[in-house]
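These notes concern the structure reproduced below.
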Amino acid sequence: MTMEKFKIHDIWVHFPFVPYPSQEAFMAKLLESLNGGKNGLLESPTGTGKTLCLLCASMAWLDLEKRYKEIPDLRLMNESGPSAENETTGDEMPVSGQSDFKPPKSHKIYFCSRTHSQIMQAIQEFKNTGYQHLRTTVLASRNHLCIHPSAKKAGGNLDNKCRSLRKKTKCDAPDPLVIPDIEDVPKKCQKCNCDHTCPFYTNFQEMKKAKGDELDFPFTFSGAFDQKTLIEKCKKYSVCPFYMSRHLKETADVIFLPYSYIFNPHILKGLNLDIMNAIIIIDEGHNLEKVCEENASFSIQFSDVDNCSKELKNALEYTGDEKFPASVRERDLHELQEILVKLRKNLELLEADKARNGQFCISIFSDSGFTKKEWRRQLHNLKEVAQFFGEKELKTEGMRKITNVVTTVFYLDSDDGDGSQESTLEKSFVLYKEKLTPETILTGVEPKIFLWCFDAGVIMKSLQRKGVHSFIVTSGTLSPLEPLKSSLGITFEVELINEHVIDTSQVLALSIGRVEKASLDARFNYRERNKDILYPAFGQLVLKVAEVSPKGLLIFFPSGKVKKDCLDNWNNTPFQDSSLYDAIEKQKVIYEEPKNSSDLPGLQKVFFKKIAEPNSKGACLVGVLSGKVSEGIDFKDDLGRAVIMFGIPFPPFMDPWVKHKRKHICEHRGEEADEDWYLSQGIRPVNQALGRIIRHQGDYGVVVLADTRYIIDQRIIKELPGWLKKAREVVAFPQVSYRLKNFFSTIPSKMKNIKKRTEIQQEKIRERHQKEMEIEEHPAYDYHDLSNLKMVETKRKQILSKEILDLEKKIQSASALTQSLLVEIAETKVKIGIREVCTTAADNCTDYDSDCESTGDGEWDEAIGPKCKMVN
């Protein structure tokens, strides 16, 4: 693939096509962050090629840094290059041996995203770049990567099942056949009736011990792996994908992984990820505050403590088992049981609906017996027993829950903490026990006890202390930036709110406040009092848009309850000969967002198929803001020609978590910061859903904002995306049909003109890039091309080396076999009394490996060798 080459901040970037101005602006800010070792908050609207820009710019920087590491003087030459004002001669050029020379650093890029599907999309984008010579891997859990049929059946006990399968079997019977993912083939040994050691793990270990070229060639130089391709490759070589991915991370330049692998301190430590000098890119980072806070929080119920106590009681019956952990004694089990009894009592004594600071949580666990001095030992014992139970496929839910809770409670006292546990717990954490109604208590429901972290900086600062080079937080919807910056707790020196790649005329954005006499006021109090007026009025607006807009229509509600109430109302509202719901569905078949994430791919397939049908009016997909449909799904072109936004999903004002979060912000950052935070929680999901409608530079669509607040509340209007605000206009309900018809009838000709203007603009950019290359000493960026050539030559060398090794082995094998046959012939002749006398010049030639046949002496028979006389 031919790459467009251009220079940003003295770094040559290779891009799959001529970039748009907004893409160059985005990459410039990213490289500004990386060059200075700074953190960046970079917003770029959905559909602007943000992920591709992230990858190309960051890898261009990393590629250059790797080159500097290989040739240190190259950095000194570039950074001390001659200028018009201050020329430097070759004799004056600093050299790597000087005292001020700093040794090069080793950098990695960790590319984090929210879901595995988003990670797969990022890896597909990577395959379109010119940086295939960089090593990559993808990290995922055993649930996603395990291919052992028996282990996959273990469900929640998969980790422990894996541990047991990694142990060497004591059975001397042949290993049973294990075929990846095929569960109807018997896997257990008929002799011992057990699973033998996992063959995929065994093969992985053997491959790892082998020479580098035998392991590195099939995996390291095979481009970017997503989960699917990694599993396919591992099946081909019969090795474990889970452990292979972790092996590859050691030498990888770019690692793709979910959020939690970085921002959950327990997972980060377990994976042993090296983030010193790392570039951590958080794609779709608008949820980062919530991710960090949730990973430093927990909830617990009495039943969790009771389950753990029962499991420890059961463990006393296994202390005589030869596999029971030797480091755990009976008195240790009794100690843990006593601690849990005290813990349950202390949790029961907590006053409901009363918040206490996090320091009180430490007091509860310390008074129960999990003390600062002993908790590590006690936690070790709990983990050992849980692992033993897991291998025996016994229940471990209680022990695993208590382990996670205790680890979270004492996180700040661990090596990852900053040594200020008491002050941090007091300022940033709240312990809260929910209050249940008498009716709820009678049903047997237990209250939950929460330890809430209200400061994402607890996690961010702990990562920064490990030496991260740069955090790059990006999304299409980071705005408003100020509350996000404040909540993350670290300094962001570089900021960007980027322009869209589209023209204003590609979007029709309408704000509508009334339908006939009904006000479209979706605020909670008005909505609850006026459902029978509000919902039918909104339904008429939906019907009007469905009649005129082609193909895909998306509708978003502020909550699942509002969605259900509204659709029920439409079903019960008479309209002409049927219901309002039926009238809408006559225009476009209605599909609803599923409750279970596992059902989403099936819904997408059906929805996309309906849109693609010839002469189809299209379909309508109804979702919830901050739900499964509003983020991460690509409704490009006909899949989403119009989107209707009903309401704003502000968090429930009286929810205990919301109340205490806002109180925390008021106390530590002021009332204005609290108002900004609350506004951001409502408007950010709206902006994220609005991004479903424009997915690339050639896309177009209609946005309908159905709520009076999108007309009268200037704070809300101010925080809408810039590309939308430019196109937004307030219209009356009777104008809707005309405005939509006019937009969709004229957009084809507009798109032709836009395409022509864009081509002219892109040609000017291309000419600028070519001029940059003409004045550059290395116009083709030789170093990058040499890197590609080096990769090809490395592959070729490895292939040839392997072929040579294979040939040497064959020669050795053939030589050994020949020698064996010759010895056998000689022995047979001796037995039957035959003696050989050579007639060549070498009279006593009995060495079958000698060079006598090459002398030219003697009489040859069919090129076998000199004739010999047989003597009896």
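The values are calculated or read from the model by the stated rules, or taken from the named source; none is laboratory data. Please read all numbers here as calculations on a predicted model, not as lab measurements. Using ideal geometry, Cβ is built from the backbone for each residue, glycine included, and neighbour counts are taken over all protein chains shown. These area figures cover heavy atoms from the full protein model, side chains too; ligands, DNA and RNA do not enter into them. Shrake-Rupley method; radii C 1.70, N 1.55, O 1.52, S 1.80 Å.
Condition check: touching a helix residue (DSSP H, G or I) at 6+ places or on another chain (Cβ under 7 Å) and aliphatic (A, V, I, L, M). Does ALA689 satisfy that?
Considered against the rule, which asks whether it is touching a helix residue (DSSP H, G or I) at 6+ places or on another chain (Cβ under 7 Å) and aliphatic (A, V, I, L, M), ALA689 comes out as no.
Name the residue that is nearest to LYS152 (Cα to Cα), counting only residues in the stretch 229-263 that are open to solvent by 30 Å² or more (accessible area, probe 1.4 Å) and assigned to a loop (DSSP other than H, G, I, E, B).
Ranking the qualifying residues of the stretch 229-263, first place goes to SER238.
For LYS755, indicate whether it is open to solvent by 50 Å² or more (accessible area, probe 1.4 Å), under 38 Å from the mean Cα position of the chain (by Cα), in contact (Cβ under 8 Å) with a residue 24 or more places away in the chain and not assigned by the TED database to the domain that holds VAL542.
yes
From GLN681, GLN697, GLN688, GLN714, which residue is free of Cβ contacts under 8 Å to residues at least 12 places away in the same chain and either over 24 Å from SER487 (Cα atoms) or polar (S, T, N, Q) (or both)?
One residue alone meets the criteria, GLN714.
In the stretch 662-676, is there at least one residue being closer than 21 Å to GLU43 by Cβ and surrounded by 19 or more Cβ atoms within 10 Å (Cβ to Cβ)?
Yes: one or more hits.
Give me the helices (runs of 4 or more DSSP H) completely within the stretch 525-639, filtered to those with at least 3 residues that are open to solvent by less than 40 Å² (accessible area, probe 1.4 Å) and under 19 Å from ARG695 (Cβ atoms), ordered by residue number.
Fully inside the stretch 525-639 and qualifying: 600-612.
So which strands (runs of 3 or more DSSP E) are wholly in the stretch 379-495 and hold at least 1 residues that are within 22 Å of LEU34 (Cβ to Cβ) and among the small types (Gly, Ala, Ser)?
Because the criterion is at least 1 residues that are within 22 Å of LEU34 (Cβ to Cβ) and among the small types (Gly, Ala, Ser), the strands (runs of 3 or more DSSP E) in the stretch 379-495 that meet it are 470-475.
Collect the residues in the stretch 727-743 that are open to solvent by less than 80 Å² (accessible area, probe 1.4 Å) and free of Cβ contacts under 8 Å to residues at least 24 places away in the same chain, keeping them in residue-number order.
Residue satisfying the conditions is ASN742 alone.
The rows are residues; the columns are (1) open to solvent by less than 30 Å² (accessible area, probe 1.4 Å); (2) closer than 16 Å to LEU248 by Cα; (3) in a helix (DSSP H, G or I); (4) not assigned by the TED database to the domain that holds TRP12.
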{"site": "HIS144", "(1), (2), (3), (4)": "no, no, yes, yes"}
{"site": "ILE147", "(1), (2), (3), (4)": "yes, no, no, yes"}
{"site": "LEU158", "(1), (2), (3), (4)": "yes, no, yes, yes"}
{"site": "SER164", "(1), (2), (3), (4)": "no, no, yes, yes"}
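For GLU293, state whether it is under 24 Å from ARG400 (Cβ atoms), part of a helix (DSSP H, G or I) and open to solvent by 40 Å² or more (accessible area, probe 1.4 Å).
Spelling it out, it is not the case that GLU293 is under 24 Å from ARG400 (Cβ atoms), part of a helix (DSSP H, G or I) and open to solvent by 40 Å² or more (accessible area, probe 1.4 Å).
Given the conditions (1) surrounded by fewer than 18 Cβ atoms within 10 Å (Cβ to Cβ); (2) closer than 17 Å to THR48 by Cβ; (3) in contact with a strand residue (DSSP E or B) (Cβ under 7 Å, 6 or more places away or on another chain), report the number of the one that LEU724 does not fulfil.
All conditions pass for LEU724, except number (1).
Please give the number of the condition PHE365 fails out of (1) modelled with pLDDT of 90 or more; (2) within 26 Å of VAL430 (Cβ to Cβ); (3) under 35 Å from the mean Cα position of the chain (by Cα); (4) open to solvent by 10 Å² or more (accessible area, probe 1.4 Å).
Failed condition: (4).
Could you count how many residues in the stretch 18-36 are farther than 26 Å from ARG757 by Cα and open to solvent by less than 30 Å² (accessible area, probe 1.4 Å)?
4
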